[in-house]
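**Q** I have a structure here, written as structure tokens, and I will follow up with some questions on it.
Computed from the coordinates by the stated procedures, all read-outs in this text should not be read as laboratory data. Keep in mind that this is a model prediction, so the values were computed, not measured. Glycine gets a Cβ as well: all are built from the backbone with ideal geometry, and neighbour counts include every protein chain shown.
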Amino acid sequence: MKPFSIKMNLENGNLEEYRKKIVRRLSDMKGFYIDQEKEKRELSKDPVIYEVYEVSTPSEAGQLSYGVTILYPGKIGEEYYMTKGHFHEKESTGEIYIGISGSGILLMETKDGDHHFIEMRRGTIAYVPPNWAHRSINTGKEMLTFLAIYPSDAGHDYGTIEKKGFRKVVIEVDGKAKIMDNPRYQ
Ligand code: M6P
Ligand code: ZN
């Protein structure tokens, strides 16, 4: 393949071109939020939670792909809007996130019990090492946008998180974001 470039608006993360757009609504992530009653009630409106604009290259070792995620502001109960979160199918692969706008938290954890978080805002360059699941949470009032760069053959393993959830959750307490133990973690 040939080298290429695509323009990104550094204010809002908009890409001039992309290969694939993914829109995730609440109905695409049923059972993810702590307050299941509120989740069910919100499902009637089925809000868009986030969008991903992907520039993917062939899924081969050595290739890199990238994409912009736009995570809407909002909450289900007291829990902020978040991405599904995933491990990589190819566990030996890492990822880089670059904050473009808004504010939030990048929550990470390993299968053997370690966890970590990084505050994301414009200019933050976060490194997700191999073997760490990653989920983004919008704790602000604006869109949280960031650019992610990852090996094209990394793959998404959603199953583990769908089954167990993350060890930690991010909820609003007295108007502030708090990271707490997930009461529904299995
Ligand atoms: C980032 C990257 C993508 C991921 C997206 C949304 O842009 O990590 O690979 O798809 O966030 O997260 P998720 O796939 O967990 O819904
Ligand atoms: Zn990833």
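**Q** On the basis of being in contact with a strand residue (DSSP E or B) (Cβ under 9 Å, 6 or more places away or on another chain) and within 25 Å of residue 174 (Cα to Cα), does residue 109 make the cut?
**A** No, not satisfied.
**Q** Would you check if there is a residue in region 96-114 being among the basic types (Lys, Arg) and over 26 Å from residue 14 (Cα atoms)?
**A** Within region 96-114, one or more residues are among the basic types (Lys, Arg) and over 26 Å from residue 14 (Cα atoms).
**Q** Inspect region 72-83 for any residue being part of a strand (DSSP E or B), crowded, with 16+ Cβ neighbours inside 10 Å and among the aromatic types (Phe, Trp, Tyr) and give the result as yes or no.
**A** Within region 72-83 (the criterion being part of a strand (DSSP E or B), crowded, with 16+ Cβ neighbours inside 10 Å and among the aromatic types (Phe, Trp, Tyr)), the answer is yes, since at least one residue qualifies.
**Q** In region 28-45, what count of residues is obtained for those that are in contact with an Asp or Glu (Cβ under 9 Å, 6 or more places away or on another chain) and either surrounded by fewer than 12 Cβ atoms within 10 Å (Cβ to Cβ) or closer than 20 Å to residue 142 by Cβ (or both)?
**A** 1
**Q** Can I ask one more? When residue 154 is evaluated against the numbered criteria (1) within 21 Å of residue 72 (Cα to Cα); (2) within 15 Å of ligand 1 (Cβ to nearest atom), which criterion, by number, is the only one it fails?
**A** It fails just one condition, (1).
**Q** If you don't mind, there's one more thing I want to ask. Using beta carbons and a limit of 6 Å, which pairs, at least six apart or on different chains, have the first residue in region 74-93 and within 11 Å of residue 130 (Cα to Cα) and among the charged types (D, E, K, R) and the second one near ligand 2 (Cβ under 10 Å from one of its atoms) and in a loop (DSSP other than H, G, I, E, B)?
**A** Qualifying pairs under 6 Å: 89/155; 90/154; 90/155.
**Q** How many residues does region 1-25 hold that are in contact (Cβ under 8 Å) with a residue 60 or more places away in the chain and not in a loop (DSSP other than H, G, I, E, B)?
**A** 2
**Q** Can you name the residue in region 84-131 that is surrounded by fewer than 14 Cβ atoms within 10 Å (Cβ to Cβ) and on the phi > 0 side of the Ramachandran plot and is also nearest to the chain's Cα centre (by Cα) among such residues?
**A** 123
**Q** Run down 59, 65 and say which single residue is over 28 Å from residue 173 (Cα atoms) and part of a strand (DSSP E or B).
**A** Being over 28 Å from residue 173 (Cα atoms) and part of a strand (DSSP E or B) holds for just one of 59, 65, which is 65.
Here's the yes/no breakdown for (1) assigned to a strand (DSSP E or B); (2) among the charged types (D, E, K, R):
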position	(1), (2)
140	no, no
150	yes, no
162	no, yes
170	yes, no
177	yes, no
185	no, no
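**Q** Of the residues 175, 165, which is touching a Lys or Arg at 6+ places or on another chain (Cβ under 6 Å) and either touching a residue at least 40 places away in the same chain (Cβ under 8 Å) or farther than 17 Å from residue 52 by Cβ (or both)?
**A** On inspection, the qualifying residue turns out to be 165.
**Q** Looking only at residues in region 63-100 that are more than 15 Å from ligand 2 (Cβ to nearest atom) and β-branched (Val, Ile, Thr), which one is farthest from residue 127 (Cα to Cα)?
**A** Restricting to residues being more than 15 Å from ligand 2 (Cβ to nearest atom) and β-branched (Val, Ile, Thr), the top hit is 76.
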